[in-house]
There are 4 protein chains.
Amino acid sequence: MRQWVVTAPGGAQHLKLEEASVPTPGPHEILVRVGAVSLNYRDIDVIAGGHGVSLPFPYTPGSDLAGVVAATGSSVTRFREGDDVLNTFWAGWLDGDWPSHARVIGGALPGVLAQYVVLHEDWAVHAPRTLDAVAASTLPCAGVTAWFALIEQGALHAGQTVVVQGTGGVALFGLQLARAHGAQVIVTSSSDEKLRRVRELGATHGIDRTTDPDWDRVVRELTQGRGADHIFELAGGDNLGASLRALRQGGRISLIGLLDQPNMTLPSIPSFLTRPVIQGIGVGHRRAFEALVRAVDVVGIKPVVDEVYAFDALPQAVAHLERGAFGKLVVKVGA
Amino acid sequence: MRQWVVTAPGGAQHLKLEEASVPTPGPHEILVRVGAVSLNYRDIDVIAGGHGVSLPFPYTPGSDLAGVVAATGSSVTRFREGDDVLNTFWAGWLDGDWPSHARVIGGALPGVLAQYVVLHEDWAVHAPRTLDAVAASTLPCAGVTAWFALIEQGALHAGQTVVVQGTGGVALFGLQLARAHGAQVIVTSSSDEKLRRVRELGATHGIDRTTDPDWDRVVRELTQGRGADHIFELAGGDNLGASLRALRQGGRISLIGLLDQPNMTLPSIPSFLTRPVIQGIGVGHRRAFEALVRAVDVVGIKPVVDEVYAFDALPQAVAHLERGAFGKLVVKVGA
Amino acid sequence: MRQWVVTAPGGAQHLKLEEASVPTPGPHEILVRVGAVSLNYRDIDVIAGGHGVSLPFPYTPGSDLAGVVAATGSSVTRFREGDDVLNTFWAGWLDGDWPSHARVIGGALPGVLAQYVVLHEDWAVHAPRTLDAVAASTLPCAGVTAWFALIEQGALHAGQTVVVQGTGGVALFGLQLARAHGAQVIVTSSSDEKLRRVRELGATHGIDRTTDPDWDRVVRELTQGRGADHIFELAGGDNLGASLRALRQGGRISLIGLLDQPNMTLPSIPSFLTRPVIQGIGVGHRRAFEALVRAVDVVGIKPVVDEVYAFDALPQAVAHLERGAFGKLVVKVGA
Amino acid sequence: MRQWVVTAPGGAQHLKLEEASVPTPGPHEILVRVGAVSLNYRDIDVIAGGHGVSLPFPYTPGSDLAGVVAATGSSVTRFREGDDVLNTFWAGWLDGDWPSHARVIGGALPGVLAQYVVLHEDWAVHAPRTLDAVAASTLPCAGVTAWFALIEQGALHAGQTVVVQGTGGVALFGLQLARAHGAQVIVTSSSDEKLRRVRELGATHGIDRTTDPDWDRVVRELTQGRGADHIFELAGGDNLGASLRALRQGGRISLIGLLDQPNMTLPSIPSFLTRPVIQGIGVGHRRAFEALVRAVDVVGIKPVVDEVYAFDALPQAVAHLERGAFGKLVVKVGA
């Protein structure tokens, strides 16, 4: 089989597609024939060798696969050969509190940009019936992150207002999941063209940050002064202050993933007067993932895939990722 | 103006349409020109003089109005003349825990089957923009009950399975609200025709209790053995045991309103093994009502009105109520 | 080593103390030298062969051990030789929702009434520093059950009122844990002598059910009409109706373990008017157990042990259990 | 009667003790004969005319009274003459979400540093039976704030670890309430003498910030690397970063009241990795206050009063407040 490896620190020029033998699953493991792998911004750092990855070179990057169970270890009970599966981002976070032994697949553990991957059976879930591998591969990191913030932690309900900043993978899942729960969604972006596209996806309003830099004021207007119920903070820095001003009394701000800036500024008075709940989100657990899969099937959610790349075109996909994508980028693998 | 009164115990034959003077609002009160009043099963008992009503005869029945503010007391701040409003079922339950001073409008307090009604401004909410008075009048009791059970207490989310028993007002709101949150819905009924109609309203499955008396087994099949996440218990008696068998581990049963039977039988072993949450629901508070109103507007929910009666046809409407309705019955009032 | 086995259905006369070889731990297992085992009412059924136990005769009963790690498998990371440990009642319920693959130790899985026991490392927790093996062995089933009901599900806080029925193991843990959180506790019992002893343990009030059969009325008096915040339902049958009458608006009833009667009667009207939360409790997960252990150490809780029996006196301990104990009965094991 | 007024902007030199006539309660109001008023840091700003107070000069400052009902309006049902009462900090926040019409007594509404005060009956609660007026007057702002953060929002339980920063009123209530729930408490202070006194009050550990400026490292050591469950952030600025480092996975930071610095710095990576819940606390609602009162009575909590001043010594009390107090400062009023 073939797999991508990072051979040295420094970036995408050190990506190499190499031959390897198909691994054999241990007693509690499954062998997955990978169908597709979606990329996340964090992969840029992983490929550059800088995202806390402690694996020795060469290592395989990639955190999100969709595939088919090709073989099962002798003690496996959760899956059978032929099952469509997705991996969990966290190896070892099944439910409840995050346990300190949990590790990231494509982080501290080897990644999934390979034609075959072996996973502990606990680190996988059944794929949705209604999505193909390309679409399903977007769920493990971006889909679960948005679900965990909005639903598992945020208990979103119909009639509420959600603000998502930008049009990356987590933002667009936030948009789709919020709409699936009857909420209205305001998207901020600096591109008019992207705002046109999010409206087609169901966004109630778009705010062009180029023409409306004080987006928080617009959010208050659009909510008749009430403010938003839930805001995805995806920028950081001074933007957190604007998020606080755009929030309703007792509303919720989810701090998501890798923010652009190393620090955020949290103004004291609004923090006291608005009674916000500000919560860091680090993807989520397997039970939430399984709930998301059921929701995708019942509601018929179709993840937004900006472009699909062939397996050997990974470097081009990474270059696209660096330019910024509208939703998700997926590498089609196949065997 | 004209208003309905109950003149003596015994039932609908003691309903009388009488003339009265239009009341004057006190400083914190609003005068509402009533547009429509929806009926609830409990009104049968209220009209019969048997639902804990302690008002002296004659009294006006009816708990759910939609109308227009015709005048405001001098200290009113929540409403202006011309506002479309709905009353709250509970006078005095605004948020959080139910306070012991709360009273039912059309129960311990005079009802709303009149052309003009005076309400404390705290006992009303703004009507949805997207519904007329007939449709909006269905919300205060049945709509809020279903919302409180599913959303406020149950934190329902997409992909879950809700079972509603029958096709009365609360059941059909349960169906519509669950669908608005991306859940699938199973309805049980003994009428094939009604099951056809609930499927048109979005029900995922219907179970005919005539042909499938062991409806709990069917629920388990339809959920691949997992069981339902939330069940509206609307029958009582032995049916609660079936609800427990149909429920998933840790699922939720809402005990709603006036059940058919004075007692329910709760089997010990399943209560221990299934870890259910069984919760009594007594309508809900004003904050939940306001959240429901926003949801109705954002999602575009249209309540199911089985039939609309003219103001002087109240006795016919009550007779229909006694036969059982598909969704809600509404009396159009007008001035 | 020696171990107790049940050789045939029918009860304690089929208990036999037999010799066996010390087992060897697998890679993820620990070998525990058992110090003490506490008994639970369910053990009577297990020993009689009637508690859903599907093990072939002969099998070892017992669900709650305290011991010392005597050896560790090659892959064990949670424990080291010499650690004081307790087993979890549920093998496989670590956190969050109960998973369907979880099994009861001393139920579907072999029990712990043996001098050495092998456990998967995930099925054990570190024992409290402040308790010896006899006292600590009471925690896995009765302690976790009370903790899960009051704290994990009930979020008990200071100033609330808890009612516990009777003076068995779960009831007295409920008493001690409620007191540790600043709540007041009312105990019902039909023994004046036992009520004297619970007052010494900190109970705020005792109600003698012999002289006050309408105990719910007394609870309302003792709470100035407000009702109890949380009631442990340990009797079942008609008693659940009394619990509802003794409960405050929106209060919580925990249905615990094996009730005396196969059914409970839940009256419809109070279920609607009181808005209770009624929840089945089936022990609890490992994370809750670890929280309980920290609480025991910080607060200095000393479990109530009615009597300690020698290892070969198990039949006498079971006979005592059948007569009823004040708190817990413990069998001292040692090697 | 006599009352304190602020006659002009600029500070305590503009405080004046003046004569006034005893006010008359309206229909829903109570007249309270004030026994004691406790001071809060925010009173310094209020007296300086700078805390968002929009009252015209002269106005009476002070937010926390304990007193006796001297007369009741004709429609009052919650209180009777002779009842011991405390005011709520927020006029109009009874339960659930903070309503936008709520106002601060001693903020947007006139304060309580007077011998007689009129309050709407909804803005008062029954005082604890176990405290005199001086001690009870400390509850409305500082006591409720600590309770709301730890219990109402934080669901604190036994065995957890709470960190409070400093030894002001809220910090010491946090210490006492956490201890009342069986939690261990770590106090940070720059005074060895104050750390000695908090240990007498039950603090498990004290950290001297003079000798241990990296207090977060000490917290991790004291919790065996686990981190604190709940931290009261009372400093702001860079200290929030230290609080994040001292916190356990998924732990909670309460942002309390007026912080020393206008902004806080929230580092991005720890916000993502630690999954904290960071919540602004703005005192709390009346239902929480009533729960606190019951807790004070059941547990026997005695608030920490640093010094009691005579009514006409208010300027000296304010000077003490500016120097910093250990717990609360109280002005004894009397009539």
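All of the numbers you see were taken from the coordinates with simple rules; none came from a lab. Please read these numbers as outputs of a predicted model, since none were measured by experiment. Note: ideal-geometry Cβ built from the backbone for every residue, glycine included; neighbour counts use all protein chains shown.
Please give the average number of partner chain Cβ atoms lying within 10 Å of the Cβ of each residue in D:181-187, rounded to a whole number.
Going residue by residue through D:181-187 and averaging, the value is 5.
Under the Kirkwood approximation applied to all pairs of distinct alpha-carbon atoms, what is the hydrodynamic radius of the protein assembly as shown in Å?
33.4
How high is the relative contact order of the stretch B:1-93, in percent, with contacts defined as C-alpha pairs under 8 Å that are six or more residues apart? Don't skip to the end; give the middle numbers.
Details: 169 pairs, mean separation 29.1, N = 93.
Relative CO of the stretch B:1-93 lands at 31 percent.
FRET efficiency for C:Q261 and C:H14, Cβ-Cβ distance as r, R0 = 41 Å, nearest 0.05?
Once rounded, the FRET efficiency stands at 0.90.
Evaluate the distance, in nm, between pseudo-label points positioned 7 Å from the Cα of B:Q316 and of C:R80 along their respective Cα→Cβ axes.
About 8.6 nm, to one decimal.
Which whole-Hz ³J(HN,Hα) couplings does the stretch A:4-20 yield from phi under the Karplus relation 6.51 cos²θ - 1.76 cosθ + 1.60, θ = phi - 60°, glycine and proline marked x?
8, 9, 9, 9, 6, x, x, x, 5, 5, 9, 7, 9, 8, 10, 7, 8
With N denoting the number of residues in the stretch C:177-335, provide Rg(C-alpha) divided by 2.2 N^0.38 Å, to two decimal places. Walk me through the numbers on the way to the answer.
Details: Rg = 17.5 Å, N = 159, 2.2 N^0.38 = 15.1 Å.
Rounded to two decimals, the normalised Rg is 1.16.
How many nanometers, to one decimal and shortest first, lie between the label point of D:G10 and those of its other copies, if labels sit 7 Å from Cα toward Cβ?
7.2, 8.2, 10.1
When the Debye formula is applied to the Cα atoms of the stretch C:22-162, each taken as the same point scatterer, what base-10 log of I(q)/I(0) results at q = 0.09, 0.15 Å⁻¹?
-0.28, -0.76
For a 28 Å ceiling on Cα separation, which of these pairs sit above it: B:K16/B:K194; B:K302/B:K332; C:K302/D:K328; B:K16/B:K328?
In this structure, B:K16/B:K194; C:K302/D:K328 exceed 28 Å between Cα atoms.
At q = 0.11 Å⁻¹, what log₁₀ I(q)/I(0) does a Debye calculation on the Cα points of the stretch C:241-335 give, no solvent, two decimals?
Each listed q maps to, in turn, -0.57.
Put a label point 7 Å from Cα along the Cβ direction on D:R103, then list its distances to the equivalent points in the other copies in nm, shortest first.
2.8, 6.2, 6.8
Using only DSSP helix segments of four residues or longer, with each worth -39500 (n - 2.57), what per-residue ellipticity at 222 nm results for chain D after dividing by its residue count and rounding to 500?
Numbers: 10 runs with 82 residues, N = 335.
Helices in chain D give a 222 nm mean residue ellipticity of -6500 deg cm²/dmol.
Mind checking which of B:N87, B:N263, B:N40 has the largest fluctuation in a GNM of chain B, springs on alpha carbons under 10 Å?
Comparing B:N87, B:N263, B:N40 in a Gaussian network model of chain B, the most mobile one is B:N263.
I'm a student and want to see the number: the projected area of the Cα convex hull of the stretch A:90-181, averaged over all directions, in nm².
7.4
May I ask you to evaluate 6.51 cos²θ - 1.76 cosθ + 1.60, the Karplus curve with θ = phi - 60°, for each residue of the stretch A:265-279 and list the ³J(HN,Hα) values in order in whole Hz, giving x for glycine and proline?
My calculation for the stretch A:265-279 gives 9, 10, x, 5, 4, x, 5, 7, 7, 8, 6, x, 9, 10, 10 Hz in order.
When the Cα centres of the stretch D:270-298 and the stretch C:49-126 are compared, how far apart do they sit, in Å?
38
Scan around D:Y309 for amide H atoms under 5 Å from its own, H built in the peptide plane at 1.01 Å from N, and keep only partners 5 or more places away or cross-chain.
Residues meeting the amide H criterion: D:V330, D:V331, D:K332.
So who's got an amide H within less than 5 Å of the one on B:I301, skipping anything under 5 residues away but keeping other chains? H placed 1.01 Å off N, in plane.
Those lying under 5 Å, H to H, from B:I301: there are none.
May I ask you to give the average projected area over all directions of the convex hull of the Cα atoms of the stretch A:112-157, in nm² rounded to one decimal?
4.4
Out of residues 5 or more away from C:V32 or on other chains, whose amide H comes under 5 Å of its own, with H placed 1.01 Å from N in the peptide plane?
C:A70, C:V117, C:V118, C:L119
Name the chain D residue nearest the rotation axis between D and B, going by Cβ position, and give the distance in whole Å.
D:G96, 2
What do you get for Rg/Rh of the stretch D:1-55 when both radii come from the Cα atoms and Rh is the Kirkwood radius?
1.02
Give the average, rounded to an integer, of partner chain Cβ atoms located within 10 angstrom of each Cβ in D:153-164.
For peptide D:153-164, the averaged partner shielding equals 5.
What is the mean number of Cβ atoms from other protein chains located within 10 Å of the Cβ atom of each residue in peptide A:282-289, rounded to a whole number?
Values: counts 7, 2, 1, 2, 1, 4, 1, 0.
Other-chain Cβ atoms within 10 Å of each residue's Cβ, averaged: 2.
How far is B:Q249 from the same spot in each other copy, in nm, shortest first, if each label point sits 7 Å from Cα toward Cβ?
2.1, 3.7, 4.1
Enumerate the calculated ³J(HN,Hα) couplings along the stretch A:133-145 in order (Karplus 6.51 cos²θ - 1.76 cosθ + 1.60, θ = phi - 60°), each rounded to whole Hz, writing x wherever the residue is Gly or Pro.
Using θ = phi - 60°, the values come out as 4, 4, 5, 5, 5, 7, 7, x, 9, 5, x, 5, 4 Hz.
Only loop residues by DSSP count here, and only those with at most 12 other Cβ atoms within 10 Å; note down the GluC sites (Glu not before Pro) in the stretch B:53-156 that meet that.
Here the GluC sites (Glu not before Pro) that fit, given the DSSP loop and packing criteria, are B:E81.
Express the C-alpha Rg of the stretch C:113-238 as a ratio against the empirical globular expectation 2.2 N^0.38 Å, rounded to two decimals.
1.18
Can you classify chain D as rounded, prolate or oblate using the Cα gyration tensor, where a ≥ b ≥ c are the square roots of its eigenvalues, rounded means a/c under 1.5, and otherwise it's prolate if a/b beats b/c and oblate if not?
Prolate, because a/c is 1.5 or more and a/b exceeds b/c.
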